[in-house]
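K.L.:
Pasting in a structure now, in structure tokens, and then I'll have a few things to ask.
The values are calculated or read from the model by the stated rules, or taken from the named source; none is laboratory data. What you see is a predicted model, and the numbers here were worked out from it, not measured in a lab. A quick note on method: Cβ atoms are made from the backbone with ideal geometry, for glycine too, and the neighbour counts reach across all protein chains shown. All accessible areas refer to the heavy atoms of the entire protein, side chains included, with ligands and DNA or RNA removed. Shrake-Rupley method; radii C 1.70, N 1.55, O 1.52, S 1.80 Å.
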Amino acid sequence: MIIYLHGFNSSGASAKGQFLREQLDDIPILTPTYHYDPSRAIVMLQHLVEESLRLDSNLLLAGASLGGYYTQYLGQRYSLKRVLINPALMPLASLETCLGENINYYTGERYTLTTRHLDALRALDVPHPCIASPPTLLLLDKGDELLDYRLATERYDNCADIRLYDDGDHAFQHLPDALPAIRGVYARPWPDSGTDSK
């Protein structure tokens, strides 16, 4: 099973999530929509991961942008294989520009992003992701206009299969090219999958 986590102001109906469901139709894929409040989102996502592990111990987490940040945290907490797609591994700086009124592009929900929400995100940071790291695939477009891809390559230099693609953008234009690599990490045996590392 794969759980795909969308980015900021997106939803489970996002293009990447639906593309993965269409192209990997032999694998059960969940594409949840989670709350904008990180403290509520992480409770929901932890419950989803725990319920999914009861059904399938071969669980892969995949996440893009802010979803990559949640994927990093959950992957480390539950020792799960993970795919990070143009991940926002240090999202506070970019999200500070979004403080105040927001609207979700997919759901139309209007809400106010506050410093309390950023503090909740900060609490989910994984300072040392390469310690006891589960199998990790890092997918990066060098043309990402929002995030510096080099921050992710530096953080995962010693513990991830890093795939760099020229050009592209933050939406990650090379998902079709990356499908074989995603299948590869999904198929990779991971005996510790499903254990809570905390």
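K.L.:
Out of all the residues in region 65-75, is one or more out of contact with any strand residue (DSSP E or B) (no Cβ under 7 Å at 6 or more places or on another chain), surrounded by 22 or more Cβ atoms within 10 Å (Cβ to Cβ) and either closer than 21 Å to Ala187 by Cβ or among the aliphatic types (A, V, I, L, M) (or both)?
P.N.:
Looking for residues that are out of contact with any strand residue (DSSP E or B) (no Cβ under 7 Å at 6 or more places or on another chain), surrounded by 22 or more Cβ atoms within 10 Å (Cβ to Cβ) and either closer than 21 Å to Ala187 by Cβ or among the aliphatic types (A, V, I, L, M) (or both), one finds at least one in region 65-75, hence yes.
K.L.:
Then there's this: Between Leu48, Leu53, which is open to solvent by 20 Å² or more (accessible area, probe 1.4 Å), touching a Gly at 6+ places or on another chain (Cβ under 9 Å), assigned to a helix (DSSP H, G or I) and not basic (Lys, Arg)?
P.N.:
Result: Leu53 is the single residue among Leu48, Leu53 that is open to solvent by 20 Å² or more (accessible area, probe 1.4 Å), touching a Gly at 6+ places or on another chain (Cβ under 9 Å), assigned to a helix (DSSP H, G or I) and not basic (Lys, Arg).
K.L.:
Another question, if that's okay. Taking into account only those residues within region 139-151 that are open to solvent by 60 Å² or more (accessible area, probe 1.4 Å) and assigned to a loop (DSSP other than H, G, I, E, B), which is farthest from Gly7 (Cα to Cα)?
P.N.:
Among those residues, the one meeting the criterion is Lys142.
K.L.:
I would also like to ask the following. If a residue must be under 18 Å from Leu113 (Cβ atoms) and either without any contact (Cβ under 8 Å) to a residue 24 or more places away in the chain or in a helix (DSSP H, G or I) (or both), how many such residues does region 26-43 contain?
P.N.:
Going through region 26-43 one residue at a time, the tally reaches 6.
K.L.:
With Thr115, Thr153 as the choices, which residue is polar (S, T, N, Q) and either in contact with a helix residue (DSSP H, G or I) (Cβ under 9 Å, 6 or more places away or on another chain) or closer than 17 Å to Lys81 by Cα (or both)? Break it down into steps so the answer makes sense when it comes.
P.N.:
Working: Thr153 fails: either in contact with a helix residue (DSSP H, G or I) (Cβ under 9 Å, 6 or more places away or on another chain) or closer than 17 Å to Lys81 by Cα (or both).
One residue alone meets the criteria, Thr115.
K.L.:
Just for region 118-129: of the residues that are open to solvent by 10 Å² or more (accessible area, probe 1.4 Å) and touching a Phe, Trp or Tyr at 6+ places or on another chain (Cβ under 7 Å), which one is modelled with the highest pLDDT?
P.N.:
Leu124
K.L.:
Regarding Ile42, is this residue buried (at least 18 other Cβ atoms within 10 Å of the Cβ) and of a type in the set (A, V, I, L, M, F, W, C)?
P.N.:
When the stated conditions are applied, Ile42 passes them.
K.L.:
What residue, of Thr107, Thr136, Thr97, Thr115, is among the polar types (S, T, N, Q), open to solvent by 50 Å² or more (accessible area, probe 1.4 Å) and in contact (Cβ under 8 Å) with a residue 60 or more places away in the chain?
P.N.:
Result: Thr107 is the single residue among Thr107, Thr136, Thr97, Thr115 that is among the polar types (S, T, N, Q), open to solvent by 50 Å² or more (accessible area, probe 1.4 Å) and in contact (Cβ under 8 Å) with a residue 60 or more places away in the chain.
K.L.:
Considering only residues that are among the charged types (D, E, K, R) and closer than 15 Å to Ala62 by Cα, which ones fall in region 128-181?
P.N.:
Those that are among the charged types (D, E, K, R) and closer than 15 Å to Ala62 by Cα: Asp161, Arg163.
K.L.:
Please specify each residue of region 134-159 satisfying the condition of being touching a Lys or Arg at 6+ places or on another chain (Cβ under 9 Å) and within 29 Å of Asp26 (Cβ to Cβ).
P.N.:
Pro134, Pro135, Thr136, Leu137, Leu138, Leu139, Leu140
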